[in-house]
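Worksheet: the structure to be examined is printed underneath.
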Amino acid sequence: MSTQAQAREKRYQLIEEGYCVIDQVLDHEFAAELRRVSARIREEEEQRLDAVKYHGTLIEPAYRDPVYARLIAWQPSLDLLAAMDFGEVRWEGSMYLINKLPFGPPLYWHQDWVWWDHPVSSEARPMQVFLSYYLTDTSVRNGCLRVIPGSQLRRFDLHDELLIGPGHVDWTKGEEAEGVNQAMLLDHPAAVDVPAKSGSLVIADARLLHSTHANQTPRHRPLVLVWYFLDFQHFPAEIKEACKVEYDFRPPNWWEGDVGNAVKHLVVQGRRTGEAVSGNRVPGVHLRRTKE
Ligand SMILES: O=C(O)CCC(=O)C(=O)O
């Protein structure tokens, strides 16, 4: 992104609509390397695909190749977030290789914020975001993202229909009954498609309602999604504590050699010093209807 005005525009869109797209964040070489390594991991992986059938794959690849440490600390993305005027950026500790399979189904509507009981949930500022790097051109035909703009801050009819307790259901464990219903797989009049070119970046607020189209092509649709906290210095103390509890961060020596050094400054560290907020994925009083 070349100008300050563009960065402001993206910031505004992320706050107002809950998402934005920035083109050409990965250079061709790095995107090709990620594509190659991700294809290898997908082939090696023994994940039961029927366990994650709506996603395609849902593999945590972070420590399986140094390329993912580079992605977590990818400077153009961090520069972008700084240009968008976000302060302390922290890696939340997870990343996923979400590879939609040839002719794979659509993903169901859901949102991923887990601290709905905390009043900070009603604030406009994005606190937790996913950065999605599409590794191939992605459109309606091969399963691009869909979002309901504004749903990170305003309650839609769909919110009342979501069965979601867990965000990502293991369909082999008999959780299907409570995991998804008809409404979560339907079209929605407020839905917007989010196509993205290979190497582009989609940033979205964890609270945003999102889903995907089906992959109607015979080719894989790879995506690497990384979770971050923004403006971590302004996080309520009890959410910071929850971050420590939940992810039990340690100095990043999970990678071999010094590969993890690049990630060190992004990791949430420290011992528990106080009460942590309890997690609750179901939006309550802090998600208001438009006219309230
Ligand atoms: O597969 C995609 O394009 C998006 C997946 C996603 O955002 C999610 O699993 O929450």
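Tabulated data
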| quantity | calculated |
| --- | --- |
| Residue within the range 67-80 that is within 16 Å of the ligand (Cβ to nearest atom) and in contact with a His (Cβ under 9 Å, 6 or more places away or on another chain) present | no |
| Candidate set from the range 170-197 (those that are crowded, with 19+ Cβ neighbours inside 10 Å and out of contact with any Lys or Arg (no Cβ under 9 Å at 6 or more places or on another chain)); member that is modelled with the lowest pLDDT | 179 |
| Selected residue [in contact (Cβ under 8 Å) with a residue 40 or more places away in the chain and out of contact with any Phe, Trp or Tyr (no Cβ under 7 Å at 6 or more places or on another chain)] from 7, 32 | 7 |
| Scan of the range 204-223 for residues that are touching a strand residue (DSSP E or B) at 6+ places or on another chain (Cβ under 6 Å) and farther than 30 Å from residue 271 by Cα, ordered by number | 208, 210, 211, 212, 215, 217, 221, 223 |
| Hits in the range 32-58 - residues which are of a type in the set (Asp, Glu) and over 21 Å from residue 211 (Cα atoms) | 33, 43, 44, 45, 46 |
| Identity of the residue in the range 141-169, among the hydrophobic types (A, V, I, L, M, F, W, C), assigned to a loop (DSSP other than H, G, I, E, B) and more than 12 Å from the ligand (Cβ to nearest atom), that ends up modelled with the lowest pLDDT | 163 |
| Boolean, residue 67 is under 26 Å from residue 244 (Cα atoms) and either in contact (Cβ under 8 Å) with a residue 40 or more places away in the chain or over 17 Å from the mean Cα position of the chain (by Cα) (or both) | yes |
| Members of the range 111-139 found to be more than 17 Å from residue 243 (Cα to Cα), surrounded by fewer than 22 Cβ atoms within 10 Å (Cβ to Cβ) and within 12 Å of the ligand (Cβ to nearest atom), listed by number | 136, 139 |
| Single match in 94, 38 (criterion: in contact (Cβ under 8 Å) with a residue 12 or more places away in the chain and buried (at least 21 other Cβ atoms within 10 Å of the Cβ)) | 38 |
| Subset of the range 89-114 [under 29 Å from residue 76 (Cβ atoms) and either part of a loop (DSSP other than H, G, I, E, B) or aromatic (Phe, Trp, Tyr) (or both)] | 89, 91, 96, 98, 99, 107, 111, 112, 113, 114 |
| The range 25-78: number of residues that are assigned to a loop (DSSP other than H, G, I, E, B) and at negative phi | 17 |
| Count - residues of the range 204-240 that are within 14 Å of the ligand (Cβ to nearest atom) and more than 26 Å from residue 55 (Cα to Cα) | 0 |
| Residue within the range 198-207 that is out of contact with any helix residue (DSSP H, G or I) (no Cβ under 9 Å at 6 or more places or on another chain) and either farther than 18 Å from residue 226 by Cβ or modelled with pLDDT under 90 (or both) present | no |
| Meets criteria (basic (Lys, Arg) and part of a helix (DSSP H, G or I)) for residue 125 | no |
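The values are calculated or read from the model by the stated rules, or taken from the named source; none is laboratory data. Predicted, not measured: the structure shown is a model, and the values here were computed from it. Ideal geometry is used to build each Cβ from the backbone, glycine not excepted, and the neighbour counts take in all protein chains shown.
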